[in-house]
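Chemist: I'd like to ask you about the structure that follows.
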Amino acid sequence: MPAAMSTADAPSTALPTLTMREADARRVLLVQAFEEVDREGLLLAEHERSRATDLALARAAETSNGSGEAELLVHRAESLLRLLEERADFVQGLLRTTGFRPGFVLIVLPALVLGLLTNAIGPRGMINVLAFPLLGLILWNLAIYALLLVSKTRGGRGDGTRTRGLTERLADGYLQSAWKRSIRGRSEVAAVSAQAGSRFLAAWKRAATPLLLSRVRRALHIGALALVVGAVGGMYFRGLAFEFRATWESTFLTERGVQSILDVVLFPAREILRVELPALASIQPPEGGAAAPWIHLYAMTVVVFVIVPRTLLAIRETFRERALERALPIEASQAYFRRLLASGRGASVSVRILPYSYRPAKRATDNLRALLHDVFGARAEVLVLDGLEYGAEDTTSLEPTGSGGSEPRAICSAPVFALAQSPEIEVHGRFLESLKMRVGDHACLVVLVDGTAYRERMVDVPGGDDRLEERRRAWDRVIRETGLEPVHVELDRLPHEAVIARLARSVWPAGAPVGVA
């Protein structure tokens, strides 16, 4: 077996999830949307994109502090965004409105006003201690806590399906309205801009859903606080100029039943204020009794059951929101990000393409180069060696190489087989075993099987698809017998994102030093 790979200064081929500030993530995703839609270069020409990449590489190299890949994407997006702002004037408005911060006007102020109005409900200034607005608010908040607890117990993250669905719909509605506001009245905006904007919103929703949910939850907690503060404050304020009278009425409950309910609900407040619960006999209708003791008890109960818990929940969501604002995860495994990040990687890697009993066409070779550059880095040296005849042994050196005073390049051998051949463990398997025996430190191995010719041969053959799948399984058995993982490709077309990811996972041994910046 080969010695352990040295990876102290080299990332794996599997790109990690990158984290960046919220504002930077929005810029990166917006630029991505435009680049993917604007394939003809109507708004962003190819040379402008290449120049932005070169500038970002230089800047990231100067300022890199351990997060160079994220910095590369951010610097590049900033350069291209300046061009987009000149050519599509809604861009800044879209970036600004998708910040999605439900605040005072949307949540807190309406809740505060509603709370102030609740104490005005009821005839002749009479307060029914069973139908008291504050009692309803307390029970509603307790129900919400129970729902959150059940959701956390079942889902492990505190987001019940219904609660999450509601907040996602709120966030999605806000994003869509922001998009419509940003393009309203701009009939001159090109179709490509509208498509890019819609794609950006979808990408931003996927990436920022945890952040948006946290903001919605924090706003709802603060809104609940404003509601009860308005209700309690309004009660005390109106009590200065009007006399409230307390009473109780019930169609189904007796005095004893009402007493039992109030003993339980107001118990914490009684203990904190060290007062006794007024007798229900003292507030018999129609005259009722003094309302002040009941208002004090309910106000303290609100503090215990609503204000304190909601404040703690709002603080928790605030910390979660701030953390996501500073480090929002962005999935970097998409082909778009792989190609951009590959532009700064691979300087110390040499990939040797080794066709075995197989002569790939020029187009296949070009597509194979593109595939290997996507995985190992655009700066990697990709060489196509002379193909080996059937049964031949590889004589290529897998020792690190370098020229002059340069750092030695890590070697990765990439043998390529044709699916049209029948795999043989005594020939193909033995060849791969010999390659594995020579892979040491700073070297790796990846095996590809090109199915182009065999697929074309099977197009008009009855049961061709089944025969294709059978042949793939045969190659899988032979290659996996050697401890390697085959990657099936069709080199007459550009590599699909899934193929790129599969190849990155199939490099042997795991953790090989490929894609070095």
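The values are calculated or read from the model by the stated rules, or taken from the named source; none is laboratory data. Note that the coordinates shown come from a computational prediction; the quantities given were computed from them, not determined experimentally. Heads up, the Cβs are rebuilt from the backbone with ideal geometry, glycines too, and the neighbour counts pull from every protein chain shown.
Chemist: Could you say whether any residue in the range 322-344 is in a strand (DSSP E or B), more than 37 Å from the chain's Cα centre (by Cα) and not β-branched (Val, Ile, Thr)?
Modeler: No.
Chemist: Look at the range 71-94 and say how many of its residues are modelled with pLDDT of 85 or more and not charged (D, E, K, R).
Modeler: 10
Condition check ((1) under 26 Å from residue 71 (Cα atoms); (2) in contact with a helix residue (DSSP H, G or I) (Cβ under 6 Å, 6 or more places away or on another chain); (3) surrounded by fewer than 18 Cβ atoms within 10 Å (Cβ to Cβ)) across all residues:
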position	(1), (2), (3)
317	no, yes, no
322	yes, no, yes
325	yes, yes, yes
348	yes, no, no
364	no, no, no
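Chemist: Regarding residue 471, is this residue touching a residue at least 40 places away in the same chain (Cβ under 8 Å) and either touching a Phe, Trp or Tyr at 6+ places or on another chain (Cβ under 7 Å) or of a type in the set (A, V, I, L, M, F, W, C) (or both)?
Modeler: The answer is yes for residue 471.
Chemist: Can I ask one more? Criterion first (assigned to a loop (DSSP other than H, G, I, E, B) and buried (at least 20 other Cβ atoms within 10 Å of the Cβ)) does residue 360 satisfy it?
Modeler: Against the criterion (assigned to a loop (DSSP other than H, G, I, E, B) and buried (at least 20 other Cβ atoms within 10 Å of the Cβ)), residue 360 qualifies.
Chemist: Somewhere in the range 95-104, is a residue more than 23 Å from the chain's Cα centre (by Cα) and modelled with pLDDT under 85?
Modeler: Yes, the conditions are met somewhere in the range 95-104.
Chemist: What number of residues within the range 442-493 satisfy the criterion of being among the hydroxyl-bearing types (Ser, Thr, Tyr) and farther than 18 Å from residue 425 by Cα?
Modeler: Summing the residues that are among the hydroxyl-bearing types (Ser, Thr, Tyr) and farther than 18 Å from residue 425 by Cα in the range 442-493 gives 2.
Chemist: State all residues of the range 257-310 that are loosely packed, with under 15 Cβ neighbours inside 10 Å, polar (S, T, N, Q) and assigned to a helix (DSSP H, G or I); if no residue qualifies, say none.
Modeler: 260, 282 - these are the residues of the range 257-310 that are loosely packed, with under 15 Cβ neighbours inside 10 Å, polar (S, T, N, Q) and assigned to a helix (DSSP H, G or I).
Chemist: Out of everything in the range 16-38 that is among the small types (Gly, Ala, Ser) and over 15 Å from residue 72 (Cβ atoms), what residue ends up being surrounded by the most Cβ atoms within 10 Å (Cβ to Cβ)?
Modeler: The residue in question is 33.
Chemist: Tell me whether the range 331-343 contains one or more residues that are modelled with pLDDT of 85 or more and either out of contact with any Ser or Thr (no Cβ under 6 Å at 6 or more places or on another chain) or on the phi < 0 side of the Ramachandran plot (or both).
Modeler: no
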